[in-house]
Amino acid sequence: TRVAVLISGTGTNLQALMEQVKKPSSSAEIVMVISNRPGVMGLKRASMAGIQTRVVDHKLYGSRAEFDGTIDKVLEEFGVELVCLAGFMRILTGPFVRKWSGKMLNIHPSLLPSFKGVNAQKQALQAGVRVTGCTVHFVAEEVDAGAIVVQEAVPILVTDTEDSLSERIREAEHRAFPAALELVGSGAVKLRDDGRIDPEQY
Ligand code: GRF
């Protein structure tokens, strides 16, 4: 499966995905990395791995539709079959999400549906929960609401700060996202037309 990874920053999830697809057992290859911001560490990681990169800078587009359209063109040009949003900090438009329905995954640093939106780690800390985690899900038009593929639980320690908790969640992300990539990339897990995943697929 030809995979594109979309990033906006450090790219530690990208790094985990790149390491996963190098395994002989992997059913995926990363053929493109797109960042909406220039000069980020994730682009260096991709280049060092010999993966082609593009910067599609959202500030240069008059509308979200034009920005998404440019991304879509790159994906088509490279014959991409599966898109992984790895710390990609842009909301994608309905038409783009619908086109890539069932072929686009996102990672979120909480156990959805709890703590949707930004600073999910801080929300969990402030809510006083003792367990949080990360979620890899199919991207749906509603933000952070698509069918869940993989989750991993992470304990919250009494000594935790937003940083220490975020670091522990990120370690879980680096296991969960590669696992989800293989499940979807191998065809083992598919999104049904009703937006749900077949339970017997697990
Ligand atoms: C991760 O915390 C992820 O949950 C969130 O953005 C961050 C991406 O980090 N969506 P990185 O760029 O993969 O290191």
Exercise. Report the charge-dipole magnitude of region 2-131 in Debye, nearest 20, computed about the Cα centre from +1 at each Lys and Arg Cβ and -1 at each Asp and Glu Cβ.
Key: 380 debye
Quiz item: So what are the ³J(HN,Hα) numbers for region 8-25, from phi and the Karplus equation (6.51, -1.76, 1.60; θ = phi - 60°), rounded to whole Hz, Gly and Pro as x?
Solution: 9, x, 4, x, 5, 5, 4, 4, 5, 5, 5, 5, 5, 6, 6, 5, x, 7
Self-check item: In sequence order, calculated HN-Hα J values of region 116-132 (Karplus, 6.51, -1.76, 1.60; Hz; x Gly/Pro)
Solution: 6, x, 7, 6, 4, 5, 5, 4, 5, 4, 5, 6, x, 5, 9, 9, 10
Exercise. Using a 1.4 angstrom probe on the protein heavy atoms only, line up Phe138, Phe78 by accessible area, largest first.
Key: Phe78, Phe138
Quiz prompt | Rounded to whole Hz, the Karplus (6.51, -1.76, 1.60) HN-Hα couplings of region 64-71, x for glycine and proline | solution = 4, 4, 5, 4, 4, x, 5, 4
Self-check item: Degrees between helix 162-185 axis and first principal axis of the chain (Cα, 0 to 90, nearest 10)
Solution: 50 degrees
Quiz item: Let a ≥ b ≥ c be the square roots of the eigenvalues of the Cα gyration tensor of the chain; is it rounded (a/c under 1.5), or, if not, prolate (a/b larger than b/c) or oblate?
Solution: rounded
Practice problem: Mind checking the per residue accessible area of the chain for me, 1.4 Å probe, whole number of Å²? | Solution: 48 Å²
Self-check item: Rounded if a/c under 1.5, otherwise prolate or oblate - region 1-46, Cα gyration tensor axes
Solution: prolate
Quiz prompt | Pairwise centroid distance, computed over Cα atoms, of region 24-46 with region 132-202, Å | solution = 19 Å
Quiz item: If packing is taken as the mean number of other Cβ atoms within 10 Å per residue, what is the order of 193-199, 180-186, highest first?
Solution: 180-186, 193-199
Quiz item: Percent antiparallel among DSSP beta bridges with both residues in the chain, to the nearest 5?
Solution: 45 percent
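For the chain, which whole percent of the accessible surface, found with a 1.4 angstrom probe, sits on carbon and sulfur atoms?
On the way: 5180 of 9770 Å².
About 53 percent, which is the carbon plus sulfur part of the accessible surface.
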Quiz item: So who's got an amide H within less than 5 Å of the one on Val40, skipping anything under 5 residues away but keeping other chains? H placed 1.01 Å off N, in plane.
Solution: none
Quiz item: Lys/Arg Cβ at +1, Asp/Glu Cβ at -1, dipole of the chain taken about the Cα centre: which of Pro155, Ala124, Gly87 is farthest positive-ward?
Solution: Gly87
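The values are calculated or read from the model by the stated rules, or taken from the named source; none is laboratory data. Just so you know, these numbers come straight off a predicted model, no measurement behind them. Methodologically, a virtual Cβ is constructed for each residue, glycine included, from the backbone with ideal geometry; neighbour enumeration extends over all protein chains shown. Only protein heavy atoms, including side chains, enter the accessible area calculation; ligands, DNA and RNA are left aside. Shrake-Rupley method; radii C 1.70, N 1.55, O 1.52, S 1.80 Å.
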